Amino acid sequence: MKLNELLAYQKADIELKRLQRGIDKSEQSKEVYFHKREFAAAKKMLADTEAMADEIVARYSETLSAFEDSYKRVEKLSKELDGETDEAREGEILAMLESLHARLGELERRIFDLKKRSEKALAEFSEAQKRGKYHKEAFGKAKEAYDKYAAGFAPQLESLKKEIETLRKAVDKESLAVYDALSEEKILPAFVPLTEVDKSYVCSGCGMQLAGAARADLDQNGCCRCESCRRMIFKK
Ligand SMILES: [Zn+2]
């Protein structure tokens, strides 16, 4: 194991990750994501209210034509009642008119309710439109500010990446494989020095004391795997 080369690589790699994380978690980056999320929420609300409005319009026109039908029947029956009718027919017509009036009242209430609902949907729709427009613009501005901010780090990132590329070539394949696997799981630093407390061996990555097998391994090979955090522990 080429320990020094690996440690140099690890140091540069962690530095790059730290820098990248700082950029990703910056206020500028948070601002971009905030407006992106809010814009998506407004877009969803727009689609939802649109679907709702479509449904209301369909029900409104259905109810309206039912109202018109009933109204026409009322007119027709009223005309018949004005003409010459026998008593039996008159009684029949009056009963029908009564039930038609009740139906008209019910339909009128429904139309009123649908009108109120459509006004509400319209208000929500225009609110979502306003919000969407605001966040789209704010996103554009935030993105511009973020790009400018991130560009300030570009030279540093570039040179660090180049350095890492060179350092990586000097590390043996076996150590690299172990490093990459631990790095993938965000267990960094992946290679840590042994800490000796009194006569016991302690992993400086997680603070756990090493068991007999790991300890023997370390004494024999100069490095071992921590059984607790799985980092590689080396003797300085
Ligand atoms: Zn450990």
| query | Any idea what the dipole of the chain comes to, in debye rounded to 20, about its Cα centre with Lys/Arg Cβ at +1 and Asp/Glu Cβ at -1? | reply | 2080
| query | Can you work out the base-10 log of I(q)/I(0) for region 45-112 at q = 0.12, 0.23, 0.27 1/Å, using the Debye formula on its C-alpha atoms alone? | reply | -0.45, -0.93, -1.08
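Which whole-number percentage describes the relative contact order of the chain, with Cα contacts under 8 Å and a sequence gap of 6 or more?
Relative contact order here is 27 percent.
For region 62-187, what is one quarter of the convex hull surface built on the Cα atoms, given in nm²?
17.4
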| Measure of compaction for the chain (Cα Rg per 2.2 N^0.38 Å) | 2.18
| message | Suppose the chain between residue 215 and residue 230 were pulled fully straight at 0.36 nm per residue; how much longer would it get relative to their current alpha carbon spacing? | response | 4.0 nm
| request: Show the residues, 5+ positions off or on another chain, whose built amide H is closer than 5 Å to the amide H of residue 208. | output: 203
| Mean ellipticity per residue at 222 nm, deg cm²/dmol - from DSSP H runs of n ≥ 4 across the chain, formula -39500 (n - 2.57) | -27500 deg cm²/dmol
| field | Partners for residue 11 among lysines (Cα-Cα distance below 24 Å; same-chain residues under 8 apart left out) | value | 2, 25, 161, 162, 169, 173, 186, 235, 236
| field | Chain lengthening between residue 144 and residue 66 when straightened (0.36 nm per residue, less Cα-Cα) | value | 22.5 nm
| remark: region 2-142, Kirkwood Rh and Cα Rg, ratio Rg/Rh at 1.55
| Taking the Cα centre of each part, how many Å lie between region 34-98 and region 125-173? | 55
| field | Mean separation of Cα contacts under 8 Å, 6 or more apart, over the residue count of region 173-234: relative contact order % | value | 29
| query | Label-point separation (nm) for residue 166 and residue 136, each offset 7 Å from Cα along Cα-to-Cβ? | reply | 4.8
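If you take the Cα Rg of region 173-234 and divide it by 2.2 N^0.38 Å, with N the number of residues, what do you get?
1.06
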| request: Run through the DSSP bridge list for the chain and note the antiparallel percent, rounded to the nearest 5. | output: 75
| message | Multiplying the sequence separation of residue 52 and residue 129 by 0.36 nm and subtracting their Cα-Cα distance, what value in nm do you get? | response | 26.2 nm
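Bear in mind these aren't lab numbers, they're just calculated from the coordinates by the rules spelled out. From a predicted model like this one, the values you see are computed outputs, not experimental measurements. With ideal geometry, Cβ positions are generated from the backbone for all residues, glycine too; neighbour counts draw on all protein chains shown.
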